[in-house]
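Report on the following structure.
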Amino acid sequence: MVFDVMFLRSCSLAVRRICSRAPVQTPLRSIGTSQTTGKDDEEEEKLDLDVWKTVMKTQALPENQSDPSPSTLDFNRELVEMWHQAGKFVPKDITDEQLQDLAALTTKSAKKKFLKFLAIKEAHKISKKEKRENKPKPEMITDGEERELKNTFLMKFWSGSLDRLQNWRAAQAMRFGQPLVYDMSYERHMTRREMENAVSQLMETEGFNRRSSDPFHLHFCGLTPGGAYHRELLKRYGAETWERMLITDTASQPADVFPREDLVYLTADSPTVLRQFDHRKVYVVGAIVDRSIQSGVSLANAKRLQLATARLPLDEYLDWDCGAKNLTLDQMIRILSTVKDTGNWKTALEFVPKRKHCGFHQMRTGKTQFVRNHSAAPKNKTDGHNRGRERKTLWEEEG
C-alpha cells in the first residue's frame with residue numbers, strides 16, 4: 001500500500017511539471033484530496049486517468065523512436081548484399097535509383113532478371129576499364145630526343161579540324177537542311193531498360209547525321225523537360241554538352257512546329273508505301289524501342305495527330321520470310337540519309353540487318369529458279385542409273 005501511494009505521488013509530480021510547462025495543450029481537471037481510512041491514515045491524491053496515459057505515452061515515445069523500422073531501399077540493399085555473398089549473379093555496387101527500380105518490381109523472378117542485367121552491365125564496365133588500363137601507353141618523347149621524320153607529301157588532318165567541319169555542316173543544316181523529326185512522346189510505353197536503349201540509339205543517330213555529307217536538321221519533338229527521356233539524355237551527354245548540341249528540342253508536337261500537310265509519319269503499320277523520297281516533306285520517326293512488339297502504337301499516335309503515314313518499301317525489295325519489320329533509330333537515319341543522297345532504295349536498304357530478311361527479290365528469284373531446275377531431275381533410281389550408263393558409254397566412244 002505504501003508503494004502504491006509513493007508511485008501515485010511521483011506520477012502526480014510529473015503531471016504537475018508538464019502542466020506547468022504547457023498548461024494550454026492539456027487542460028487539467030481539478031484534483032481533490034481526501035483522507036483515506038486505513039491502517040496508515042495517509043493521504044492519496046486522485047489523478048485524472050487521461051492525463052496519466054498522456055504522460056506515460058510521452059515517456060515511452062523516445063524509446064520506440066530509437067529503433068525505427070528499415071526503409072524499403074535499405075531492405076533491398078541488404079537483400080542484394082545477401083545474394084551477392086551467397087554467390088548469386090548480382091551487381092556488387094548498386095545506386096539508389098536502381099534500388100527504386102528494384103523496389104517497383106513485384107515478383108522475385110523480375111527482381112532476379114533486373115539484377116542479372118545490372119550485373120552484366122557492371123561486368124562490361126569493369127572489362128572495358130581493365131582493357132584501358134592494360135592498353136600500352138604511347139611513349140612520351142622529350143625535347144632532347146630525336147623524332148623520326150616521315151617523308152610524305154600529305155598534310156596531317158587533325159581531329160579538331162574534322163570536328164569543326166562536321167559542326168559547320170550541322171549548323172548549316174539547322175539553317176538550310178531538310179528537317180527530320182523524332183517523336184519523343186512514348187515514355188509511358190517503355191520500361192527503363194528500353195528507355196536507355198532508345199537513348200543509345202538516339203546518340204548513334206546524332207553521331208551518324210553529324211558525320212554525313214548532307215545532314216538532316218534533327219528535331220526532338222515532345223521532349224518533356226524533366227521527363228525520363230530528358231533526364232537520360234542529360235545523364236549521357238552532360239548538361240554543358242547538351243546545351244551545345246546542334247539539334248532542336250521542344251516539348252511541342254510536330255504538328256505545332258511544322259505545317260500539317262508537310263508531315264509524313266513513318267510507321268511499319270501504315271498501308272501507304274513510301275516509293276519515292278520527297279525532299280519537301282518532313283518525315284517523323286517514332287522514338288520508341290518496343291521489345292514486346294506492340295503493333296499499332298505509332299500508327300495510333302499518327303492518327304491522333306491527324307498526320308499522313310507511310311512505311312518503307314521493305315516488302316517490295318526484300319524477302320521478309322523471317323524476322324520482324326521493326327528497325328532501330330540509327331538504322332532509320334542511315335536508310336533515310338542514303339536514299340536522300342542517292343535516290344536508290346536498293347542501296348539504302350543495305351543497312352537493314354541480314355538476319356531480318358532472306359535477301360532481295362532478284363536474288364530470291366534466281367535461287368528459286370535454281371531450286372526448280374534441281375527439282376526437275378528424275379527421282380527414280382532406275383532413270384538415274386540409266387543416265388549414268390549413257391554418260392559412261394558416250395565417254396568410252398569419245399575415248
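Within 9 Å, Cβ to Cβ, of residue 333, how many net charges do the neighbouring residues add up to if Lys/Arg are +1 and Asp/Glu are -1?
Numbers: positive: 334; negative: 204, 206, 330.
Once all neighbours under 9 Å are counted, the net charge is -2.
For residue 180, list long-range residues whose amide hydrogen, built 1.01 Å from N in the peptide plane, is under 5 Å from its own amide hydrogen.
217, 218, 219
Report, in listed order, any pair from 135/354; 112/354; 125/235 with a Cα-Cα distance greater than 28 Å. Show your work: numbers first, answer last.
Details: 135/354 34 Å; 112/354 33 Å; 125/235 17 Å.
Pairs exceeding the cut-off: 135/354; 112/354.
Along the Cα-to-Cβ line of residue 75, 7 Å from the Cα, sits a label point; which residues in the range 88-121 have backbone N less than 13 Å from it?
103-107
For the range 155-160, in order, what is each residue's ³J(HN,Hα) by Karplus, 6.51 cos²θ - 1.76 cosθ + 1.60 with θ = phi - 60°, in whole Hz (x at glycine and Pro)?
7, 6, 9, 6, 5, x
At 0.36 nm per residue, minus the direct Cα-Cα distance, what do residue 96 and residue 326 gain on full extension? Give it in nm, one decimal, please. Please list the in-between numbers first.
Values: separation 230, 0.36 × 230 = 82.80 nm, distance 3.36 nm.
Taking 0.36 nm per residue and subtracting the Cα distance, the gain is 79.4 nm.
Using θ = phi - 60° and the Karplus form 6.51 cos²θ - 1.76 cosθ + 1.60, what ³J(HN,Hα) does each residue of the range 197-203 get, whole Hz, x for Gly and Pro?
Calculated HN-Hα couplings, in order: 5, 5, 5, 4, 5, 5, 5 Hz.
When the accessible area of the range 189-304 is computed with all protein chains present and a 1.4 Å probe, what percentage of it is carbon and sulfur? Could you put the intermediate results ahead of the total?
Numbers: 2720 of 5760 Å².
Ligands and nucleic acids excluded, carbon and sulfur reach 47 percent.
The values are calculated or read from the model by the stated rules, or taken from the named source; none is laboratory data. From a predicted model like this one, the values you see are computed outputs, not experimental measurements. With ideal geometry, Cβ positions are generated from the backbone for all residues, glycine too; neighbour counts draw on all protein chains shown. These accessible areas exclude ligands, DNA and RNA; they are computed on the full protein's heavy atoms, side chains included. Shrake-Rupley method; radii C 1.70, N 1.55, O 1.52, S 1.80 Å.
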